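A.B. asks: Here it is, the structure, as structure tokens.
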Amino acid sequence: MTVAQQRIEQLDKKTKQRLIALFGTLEIFYEVFYLMMQNEHQLDVYRPEGWSAKLSSVQYYRRLATERLQKECAIDTDLLEDIYSDYFEDFANYRERAPKISNEEFLTVLKKLIV
């Protein structure tokens, strides 16, 4: 279990309930923010066609999701930074982990967060 996952487990009951209301489970919360960072980083590193506009969109949606999370769940950015750190540690160590949610689930949660 990573530091971020431990911190999520240590959140107070009220915060966990708010996260579950938004995401369905705490695991999905972790996964969504991990995948947002992964998508952002991979666009920046690999620069596929149209990468600049896509990167701007990804960053914009991540900011919106972060603001909503802070407003509704009182999650501090340190926890999110720990999740992002998990991604970068995996990337630096050439660990490619399979997503634990489908693209459809990811997009459904993301749309819910940014509305």
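A.B. asks: In what order do E72, E104, E31 fall by count of nearby beta-carbon atoms within 10 Å, going from fewest to most?
C.D. replies: E104, E72, E31
A.B. asks: Kindly express, to the nearest 10 degrees and within the range 0 to 90, the angle between helix 51-73's C-alpha long axis and the longest C-alpha principal axis of the chain.
C.D. replies: With both axes taken from Cα atoms, the answer is about 10 degrees.
A.B. asks: How high is the relative contact order of the range 3-114? Use alpha-carbon pairs under 8 Å, at least six apart in sequence, and give a whole percent.
C.D. replies: It comes to 39 percent, rounded to a whole number.
A.B. asks: Counting other C-beta atoms within 10 Å, and keeping those with at most 13, which DSSP coil chymotrypsin sites (Phe, Trp or Tyr not before Pro) do you find in the range 13-115?
C.D. replies: Y94
A.B. asks: Using a basic spin-label model with each label point 7 Å from the Cα along Cα→Cβ, how many nm lie between V45 and E81?
C.D. replies: So the two model labels end up 2.2 nm from each other.
A.B. asks: Between N103 and Q59, what is the label-point separation in nm under the 7 Å Cα-to-beta-carbon projection?
C.D. replies: If labels sit at Q59 and N103, their model points lie 2.4 nm apart.
A.B. asks: Calculate how steeply helix 103-114 sits against the longest principal axis of the alpha-carbon atoms of the chain, using the helix alpha-carbon long axis, and give the answer as 0 to 90 degrees to the nearest 10.
C.D. replies: 70
A.B. asks: With angles folded into 0 to 90 degrees, how steeply does helix 77-92 sit against the dominant principal axis of the chain? Use alpha carbons for both and round to 10.
C.D. replies: Its long axis makes an angle of about 40 degrees.
A.B. asks: Name the lysines eligible as straight-distance cross-link partners of K16: C-alpha to C-alpha under 24 Å, and not fewer than 8 places from it in the same chain.
C.D. replies: In chain and number order, the partners are K71, K100, K111, K112.
Each reported figure results from applying straightforward, stated rules to the coordinates on display, with no laboratory input. Keep in mind that this is a model prediction, so the values were computed, not measured. Don't worry about glycine lacking a Cβ; one is built from the backbone with ideal geometry, like all the others, and counts go over all protein chains shown.
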